[in-house]
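Report on the structure given below.
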Amino acid sequence: MDEKELSRHYETLELEPGADLRAVRNAYYYLKDLYSQDSYDTVPVQEEFLDKKRGSIVKEIEEAYQALVNYLVPGGGGQAPDDSTTFLQVEIFDGKALREIRESQKINLREVSLATHISLEFLKYIEAEHFSGLPPEVYLKGYLKTYAEYLHVDSERVVTEYMARYDAWTREGEQ
Amino acid sequence: MANGNGKTVIAFGGGKGGTGKSFLTSNMGICLARRGKKVLLVDADFGGANLHSFLGIRTPDRCLTDFFENKISLDQLITPTICKGVGVLSGDFRSYTAGVLNHNLKLKFFRHVQKLEADYILLDLGAGSHHNTVDTFLTADKKILVINPDRISIENMYHFVKTCLIREVVKLFTNMGRKEDFLAIYSSREQLSLVNLRELIDYSAEQFGMQDLVADAFRHFSPYIIVNKIRRDKDMMVGFSSRSILRKYLGIHAQYIGFLGYDDHICDSINRGKIFIHDFPTLHSAEEVKQITENFMENRQISLKTSINGRKRTF
Ligand SMILES: Nc1ncnc2c1ncn2[C@@H]1O[C@H](COP(=O)(O)OP(=O)(O)OP(=O)(O)O)[C@@H](O)[C@H]1O
Ligand SMILES: [Mg+2]
């Protein structure tokens, strides 16, 4: 990709040239949502918002994202992780699924820990389903929600499905 | 972008009434003065002058009638405040009604204001998108849009910005001796199926080979956005959405420099004749005003990352 194209993509995602993958992802999800649906902050410009124009904005955002991910992920081989299908394919949000989603986004646990303020240890335990090392339920739920939001996956599903496994483990212990 | 003599004029506008323009003018002004600058606050809301109330001044001893009728020079009308380095020029007229003030007199006033001695001159504008208000806004070196996270405020802000752009474009065409041509296109915009402002402007620019001039004017406009009176974390996102929409639909680059929570202490402090940031400097919302001022000075923006993952506030 040449310089010019690169800076055009950054411009589309409204980022400074050179922004990292994390920033690219945040901007992408945010802008895609903003231009894919009506909200109180977009309705006021309805007259400027011809559907045609809006469609082309969403398309540009998608293209910019794909191109930047390809560019930023070394060895990505032109194959950007297609998050939407990855998430849809998740049958159950267990520890393994969370790890896979995170890895598909090329994010390491340390980054997650820094951004979410969840300790590295707990994050490891969550992914490994090392239930006995995890904090009490109320905290755990909070952590799961935060982590899910960070990964841009359905946090309600994550909490419900992960906690079901946690509860099963607790019941086992009681027997 | 200060003008030649190192003086920077900053205007606070944004369309809707009550979004916090006067509050921010006064309190950010005080923050600037704390950085060792000489600051002059100008109440340019002639119809509803109230800036002095935010500065603990009950009724200013001097008013603008003295300037317009009694030919007293403006620097003599500046009222000092208890904050070091901060003076205020009240927009109060008493008996003399502001409505009488015609456009030329206002221009004269602002010409004199620009000459006053200060590092920063902050203009507190009134509500609305009247041409006079917009024109004053456009004279400033730095233009701040104060919005609230509600639909009316955002609507009004877009309207305000669009009025700004139309004024700028008309000015350009006038300078090129093409005002009539532009107005002709404007009035037949429907026949030409120019459905929105951007198309209208692009079309007109193209007709007369003025694309570069227009692009320059838009680049130069680049306002700052402050979101005031937020009540929950997600309200701060309004700064991003507005910035994005201004960029994608109108082609102007705004900077989102900060947000400020809704805080009853602000109203209370005014009711009690106090100066918010001076008397309650440790409150969370006071910290937020300081942060906004700092972002403004250092040319920093709120990033999507910090707002999603960090710096959560509790309401
Ligand atoms: N962050 C805030 N939290 C709570 N109240 C606020 C906040 N900011 C401003 N206010 C209050 O809201 C009211 C309107 O604020 P202000 O007068 O600064 O708005 P304005 O934009 O100057 O209005 P106008 O367009 O009428 O001049 C005032 O009573 C002020 O004290
Ligand atoms: Mg006001």
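The values are calculated or read from the model by the stated rules, or taken from the named source; none is laboratory data. As the structure is a computational prediction, the values presented were derived from the model and not from experiment. All Cβ positions, even for glycine, are placed from backbone atoms using ideal geometry, and neighbour counts span all protein chains on display. These area figures cover heavy atoms from the full protein model, side chains too; ligands, DNA and RNA do not enter into them. Shrake-Rupley method; radii C 1.70, N 1.55, O 1.52, S 1.80 Å.
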> On the first, second and third principal axes, largest extent first, how far apart are the outermost C-alpha atoms of chain B in Å?
Replying inline: 57, 57, 33
> Which of B:LEU74, B:VAL9, B:ASN271 sits farthest toward the positive end of the charge dipole of chain B, with +1 on the Cβ of Lys and Arg and -1 on the Cβ of Asp and Glu?
Replying inline: B:ASN271
>> Counting only GluC sites (Glu not before Pro) that sit in a DSSP loop (anything but H, G, I, E, B) with at most 14 other Cβ atoms within 10 Å, what is the longest stretch of chain B containing none of them?
In response: B:191-315
>> Show me, bin by bin at 5 Å from 0, the whole-percent P(r) of the range B:117-222 based on Cα pairs.
In response: 2, 11, 20, 21, 19, 14, 9, 4, 1, 0, 0
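Which value, in debye to the nearest 20, describes the size of the charge dipole of the range B:42-144 about its Cα centre when Lys and Arg Cβ atoms bear +1, Asp and Glu Cβ atoms bear -1, and nothing else is charged? Please list the in-between numbers first.
Working: 11 positive and 12 negative charges, 17 e Å.
In total the dipole reaches around 80 debye.
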> Which number do you get for Rg(Cα) / (2.2 N^0.38 Å) in the protein assembly as shown?
Replying inline: 1.14
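Between B:GLN207 and A:GLU91, what is the FRET efficiency for a Förster distance of 56 Å, r being their Cβ-Cβ separation, to the nearest 0.05? Working shown, then result.
Working: r = 59 Å, r/R0 = 1.05.
So, using R0 = 56 Å, E works out to roughly 0.40.
Magnitude of the Cβ-charge dipole of the protein assembly as shown, K/R +1 and D/E -1, about the Cα centre, nearest 20 debye?
On the way: 62 positive and 67 negative charges, 358 e Å.
Approximately 1720 debye in magnitude.
Return the equivalent ellipsoid semi-axes of the range A:82-174 as a descending list in whole Å, where each equals the square root of 5 times an eigenvalue of the C-alpha gyration tensor. Spell out each step's value before the answer.
Working: eigenvalues 83, 50, 23 Å².
Ellipsoid half-lengths, sorted descending, are 20, 16, 11 Å.
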> Can you give the three extents of the C-alpha atoms in the range B:8-48 along their principal axes, from longest to shortest, in whole Å?
Replying inline: 32, 17, 15
> Taking 0.36 nm per intervening residue step and subtracting the Cα-Cα distance, what contour gain separates B:GLU117 from B:THR174 on full extension?
Replying inline: 17.3 nm
>> Projecting each Cα onto the charge dipole of chain B (Lys/Arg +1, Asp/Glu -1 at the beta carbon, about the Cα centre), which of B:VAL134, B:PRO281, B:SER244 comes out farthest on the positive side?
In response: B:PRO281
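Give the accessible surface of chain B per residue, rounded to a whole number of Å², with probe radius 1.4 Å and ligands, DNA and RNA excluded.
Numbers: 13750 Å² over 315 residues.
Using a 1.4 Å probe on heavy atoms only, each residue of chain B averages 44 Å².
Can you pick out the pairs among A:LYS4/A:LYS32; B:LYS7/B:LYS234; B:LYS71/B:LYS162; A:LYS53/B:LYS142; B:LYS21/B:LYS84 whose Cα atoms lie more than 29 Å from each other?
Listed pairs above 29 Å: B:LYS7/B:LYS234; B:LYS71/B:LYS162; A:LYS53/B:LYS142.
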>> Compute the distance from the alpha-carbon center of the range B:133-188 to that of the range A:104-142, in whole Å.
In response: 50
